[in-house]
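Peer 1: The structure that follows is given in the form of structure tokens.
Nothing in this text is a laboratory measurement; each read-out follows from the coordinates by a stated rule. In this text the structure is predicted, and so the values were computed from the model without any measurement. Cβ coordinates were reconstructed from backbone atoms using ideal geometry, including for glycine residues, and neighbour counts include every protein chain displayed.
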Amino acid sequence: MAERNKPEGAGSPSTTGMGLRAPIGRVAAPLRDQVLQVVREAILDFRLRPGQRLIERELMEQLSVSRATVREVLAQLASEGLVTNIPQRGAIVSVLTTDEAADIYEMRVALESLAVRRFVERATEEHMSRLRAALEELEAARKSEGADLARLIAKDELYKALFAGADSPPLTQMLTSLQGRLRRLRWTSLSAPGRLDRTIAEMRTLVEAIEERDVGRAMAASDLHVRNAAAIALARMAEATGEPAEGAETGSGEAGRGA
């Protein structure tokens with residue numbers, strides 16, 4: 001990637017060559033929404049990395065849209081927590097601190113426990129079948145060599161199935177608003193050695209408890225899964241950034257072993 005595209009005093013690359021070109025304008029969705037989808041997916045798929053500059057001119061050229069459209073899209077992504085605007089530098093892909101990540105995990109513990117409760121109370125057999133199928137997809141993705149993105153997508157689908165069965169629009173809205181940041185944290189924890197196998201075991205325990213309509217056991221399984229993921233992700237973030245891993249103590253002893 002050309003050196004001229006790097007910000008002064010920083011090593012993060014620009015958007016040049018990040019594969020953002022898309023068939024903008026070829027579908028019925030409004031142009032702004034199409035551009036928003038392309039850039040959001042590039043962030044969530046890690047083609048645009050945390051800390052990377054989002055240069056308006058380059059986005060305009062790659063996506064063949066106006067500066068006004070690019071600015072609207074960046075403003076929306078900033079409201080979702082995926083983009084940060086830095087004075088004198090411009091927009092970058094947001095970088096979470098360990099404190100911010102710890103807070104997000106605590107929110108996730110509370111919200112997902114409620115989602116599990118509502119699923120047990122309200123889900124139909126169709127919802128249950130979708131949840132089982134999503135778990136099977138996650139297990140199948142485990143066997144795919146190097147398919148990190150496929151595993152992440154499979155995990156996303158499992159949560160979509162869970163939220164659908166919870167049948168709570170306000171809860172789904174709150175959880176959806178966190179999904180961009182959660183997906184990046186999920187990548188951090190799932191990429192830890194041995195974590196994927198442990199995740200699948202935890203999710204299997206959760207789904208089995210839900211199938212038995214055992215609210216208490218299902219909520220406990222959800223809580224354990226999130227806290228295990230938090231302990232691993234926060235420890236890895238702290239190691240990478242040199243920040244103290246505050247919040248990592250929310251994990252259990254099992255999580256601390258990184259299994």
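Peer 1: Please give the length that would be gained between SER191 and ALA110 if that part of the chain were fully extended, namely 0.36 nm times their separation in residues minus their C-alpha to C-alpha distance (nm, one decimal).
Peer 2: Working: separation 81, 0.36 × 81 = 29.16 nm, distance 2.41 nm.
Roughly 26.8 nm would be gained on extension.
Peer 1: Counting Lys and Arg as +1 and Asp and Glu as -1, each charge on the Cβ, what is the dipole of segment 78-131 about the Cα centre in debye, to the nearest 20? Kindly include the intermediate steps, with their values, before the conclusion.
Peer 2: Values: 6 positive and 9 negative charges, 23 e Å.
The dipole of segment 78-131 has a size of about 120 debye.
Peer 1: With a Förster radius of 45 Å, plug the Cβ-Cβ distance of ARG67 and ARG132 into 1/(1 + (r/R0)^6) and report the FRET value to the nearest 0.05. Don't skip to the answer; put the middle values down first.
Peer 2: Numbers: r = 48 Å, r/R0 = 1.06.
Computed FRET efficiency for ARG67 and ARG132 comes out at 0.40.
Peer 1: Work out the FRET efficiency for ILE86 and THR241 from their Cβ-Cβ distance, taking R0 = 22 Å, and round it to the nearest 0.05. Each step should come with its number before you reach the end.
Peer 2: Details: r = 17 Å, r/R0 = 0.79.
The value I calculate is 0.80.
Peer 1: Once label points are set 7 Å from the Cα along Cα→Cβ at both ASP103 and GLU41, what is their separation, rounded to one decimal in nm?
Peer 2: It works out to 3.1 nm between the two label points.
Peer 1: Work out the length of the dipole vector of segment 178-230 about its Cα centre, built from +1 on the beta-carbon of each Lys and Arg and -1 on the beta-carbon of each Asp and Glu, and round it to the nearest 20 debye. Kindly include the intermediate steps, with their values, before the conclusion.
Peer 2: Working: 10 positive and 7 negative charges, 88 e Å.
Result for segment 178-230 is approximately 420 debye, rounded to the nearest 20.
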